[in-house]
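Everything below concerns the one structure shown next.
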Amino acid sequence: MKDQQLTSLLNQMTLEEKIAQLQQLAANFYEGAEEGGQITGPMASMGITDHMIENSGSVLGLSGAEQVIAVQEAHLRKNRLGIPLLMMADIVHGFKTIFPVPLAIGCSWDMERAELSAEIAAKEAAVSGVHVTFAPMADLVRDPRWGRVMESTGEDPYLNGRFARAFVRGFQGNDLTDDVSRLAACVKHFAAYGLSEGGRDYNTVDLSERQLREYYLPAYRAALDEGAEMVMTSFNTIDGIPISGNVKLLRQLLREEWGFDGVLISDWGAVKELIPHGVAEDEAEAALKAIKASVDIEMMTECYVHQLPALVADGQVDESIIDEAVLRILKLKQRLGLFENPLRGADIEKEREVIFCEAHRTAARELAVKSCVLLKNDQVLPLTTEQRIALIGPFANNGDILGPWSWLGSTEEASRLAPALEARAAAGKVTVAEGSGIESFTEEQWLEAKAVALEADVIVLALGEHSDMSGEAGSRSDICLPEAQRELLQRMKTLGKPIVVVLFNGRPLDLSGVIENADAILEAWFPGSEGGAAITSLLYGDENPSGRLTMSFPVSVGQIPVYYNHFNTGRPLHAPGADKRYVSQYLDIPNEPFLPFGFGLSYTTFSYSEPNLSGEIMTKDQPIKVTVTVTNTGNVQGEEVVQLYIRDISGEVVRPMKELKDFAKISLSPGECKEVSFTLTEAQLRYYHSDLSFSSDPGQFKLFVGPNSQEVKERDFRLTLA
Ligand code: GLC
């Protein structure tokens, strides 16, 4: 359908039909659609009429080819103008084949595999009738108390932007209209939701516009520059204004300054939440503020359908604003080809062969291998198949390894650690015991586990958080492993056997009680459908760990927020000649994180030459080429993530101690060395000034190259604008 046809369609619509397009309800409002759409309890209490359903624009959370076909066909039989529904769902890191959680994918530093994970998620979701995914989540995170850090790719704006682009490319492909195996991407949660105070979900966010633009907006912008079709508002305030009513952020910055003319959807209930936030007295004021802020679709509350007709009638809202919103929604349906093909990719037959197929599971396993991070290894890994293994812990034989957003992922069908280890080791070499629950521990469990451990050469403890201890509404004030599991580990330590800990968790943890008692630690996060197989291949050295942390692990919860791209302060702790007391420090813990951004071990070792520069003066037109030689100094093949950081020694505002500007993930055979080069340009030195201008300043800089944000080799250079 061409644009002028859309306009003509819009002109045929009544005001009530237009406003209903702005309404999104969950799938359960439609389940009865095949029987004619009976009004059910929740719908009746919300005052949602049959007529509103027949004219609504989109559905939340419906999937399954047969179900979607039935609902769409029933809808088209009733909708006067034959306008199809958009089917939207949270396909965040997989549909049925579940990939590692995004924070784990972030640790892979592997854009190709990240893109492939989104492409496969789209393939499985599209054949099951989904049109739009509420992903990527591009929130920058610095507080592991927040449960949703698992949904992000970490604490760096540049890296988050690279991943946001990769996910959008994977979800959307190059031709959303004709490639019905793809999904429209909806980047979220705009904006700065990851800065929720106290790491408590849905809490207040407040920061300067300069910080917002410098750190929190770049990844959303990257997703939109890559063509993301939609944006979802976040639950939080910024500068005292809840996002879903924030004209400055949504209409002025997102739409006018950035030129975004796609569909903007509120997060669940966020329009009506303007009332408890305290910026709207009632639904009418909430609807007024949200439509003025240019929120097109109201998810799961009913302010628009109830209040907009009167607001238009009494002149508070011009119908042209409604028309703008409806036209954006109709254009998205057009770009998805829904007018010509309202069932789009939904295909009952094809669904059976595509969903959870071997090729998809292989991709999930490969990405899980790349996403795990080796945090410690005192010569106990890799295991050998002849060793007698005691596999103990609440995650030893547990399918709850898919993470909080695992859509149709099946914990029953997930690759668990126990069977995977048993299959890989020599016959009879692996014995399994639970040892403890996630938060409970009994003497009986201990005695059983102890007996198993005493017969073993190596103890593998599979520990972690339950999947509902992170994710949405999963904030924790104490980010240690639950006490029961630390007790289990402490008692295991007394047996005098080598202990390998495998962690299943959705956030950086305070590793107190773990790091000192484990001889090796493999961070597996929530590794997804193929987690057990992936972890096993790493434990036995079939694969060499190559993951690198993209979010700092704090010494303790008291150190939060701790992140690598921090400012120096006027009294830095380690400055030459610094006072012992009167500097920026804690009396009881160090300032540095326990494990820094970029950290990860390997079964081999690497050495770095001093960085070689093509010159020490950079100009706008004369970049600097940075070259470093990396050597595999160990005796097994391994992958290294070579990272390039800069520091602006003196800016118009304070500048971070380090900023990631580029990286290269390389593979080296034993003894092999490779030259890695980066081209550093003036554009990469630009930043937001106090007047919000975005530019670079001439002056002194440092660049750093190394395997993580702390172990680096540095060189000086100057930028001149001559
Ligand atoms: C939730 C989440 C959001 C999700 C939406 C729809 O509240 O905040 O990420 O996309 O609802 O399920």
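Numbers for the structure displayed
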item: Answer from L264, L253 - the residue that is more than 16 Å from the ligand (Cβ to nearest atom) and out of contact with any Gly (no Cβ under 7 Å at 6 or more places or on another chain); result: L253
item: Candidates V130, V149, filtered to the one that is within 15 Å of the ligand (Cβ to nearest atom), within 12 Å of the chain's Cα centre (by Cα) and either β-branched (V, I, T) or in a strand (DSSP E or B) (or both); result: V149
item: Odd one out for S266, checked against (1) surrounded by fewer than 23 Cβ atoms within 10 Å (Cβ to Cβ); (2) polar (S, T, N, Q); (3) closer than 22 Å to L85 by Cα; result: (1)
item: Restricting region 447-473 to residues that are buried (at least 21 other Cβ atoms within 10 Å of the Cβ) and within 16 Å of the ligand (Cβ to nearest atom), the residue that is nearest to the chain's Cα centre (by Cα); result: G471
item: Only listed residue being of a type outside the set (V, I, T), closer than 25 Å to N341 by Cβ, surrounded by 24 or more Cβ atoms within 10 Å (Cβ to Cβ) and more than 16 Å from the ligand (Cβ to nearest atom), chosen from E124, E119, E73; result: E124
item: Residue list for region 3-48, filter: outside any helix (DSSP H, G or I), of a type outside the set (A, V, I, L, M, F, W, C) and either at pLDDT 85 or above or closer than 24 Å to I321 by Cβ (or both); result: T14, Q23, Q24, G47
item: Condition check for S410: hydroxyl-bearing (S, T, Y), farther than 18 Å from E523 by Cα and crowded, with 18+ Cβ neighbours inside 10 Å; result: no
item: Flag if R162 is within 14 Å of the ligand (Cβ to nearest atom), of a type in the set (K, R) and in a helix (DSSP H, G or I); result: no
item: Selection within region 184-203 - at negative phi, within 13 Å of the ligand (Cβ to nearest atom) and part of a loop (DSSP other than H, G, I, E, B); result: S196, D201
item: Residue satisfying all of: in region 86-100; in contact with an Asp or Glu (Cβ under 7 Å, 6 or more places away or on another chain) and within 15 Å of the ligand (Cβ to nearest atom); nearest to R365 (Cα to Cα) among these; result: F95
item: Qualifying position, being assigned to a helix (DSSP H, G or I), outside the structural domain of L402 (by TED's automatic domain parsing) and small (G, A, S), among G532, G558, G547; result: G558
item: Sole residue being touching a strand residue (DSSP E or B) at 6+ places or on another chain (Cβ under 7 Å), in a helix (DSSP H, G or I) and under 18 Å from C107 (Cβ atoms), chosen from L522, L538; result: L538
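Results for (1) polar (S, T, N, Q); (2) in the same structural domain as D110 (by TED's automatic domain parsing); (3) touching a residue at least 60 places away in the same chain (Cβ under 8 Å); (4) not in a helix (DSSP H, G or I), shown as yes or no for each residue.
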| position | (1), (2), (3), (4) |
| --- | --- |
| T631 | yes, no, no, yes |
| E652 | no, no, no, yes |
| M657 | no, no, yes, yes |
| K674 | no, no, no, yes |
| S690 | yes, no, yes, yes |
| Q710 | yes, no, yes, yes |
| R718 | no, no, yes, yes |
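The values are calculated or read from the model by the stated rules, or taken from the named source; none is laboratory data. Since the structure is predicted, the reported quantities are computational estimates derived from the model, not experimental observations. Methodologically, a virtual Cβ is constructed for each residue, glycine included, from the backbone with ideal geometry; neighbour enumeration extends over all protein chains shown.
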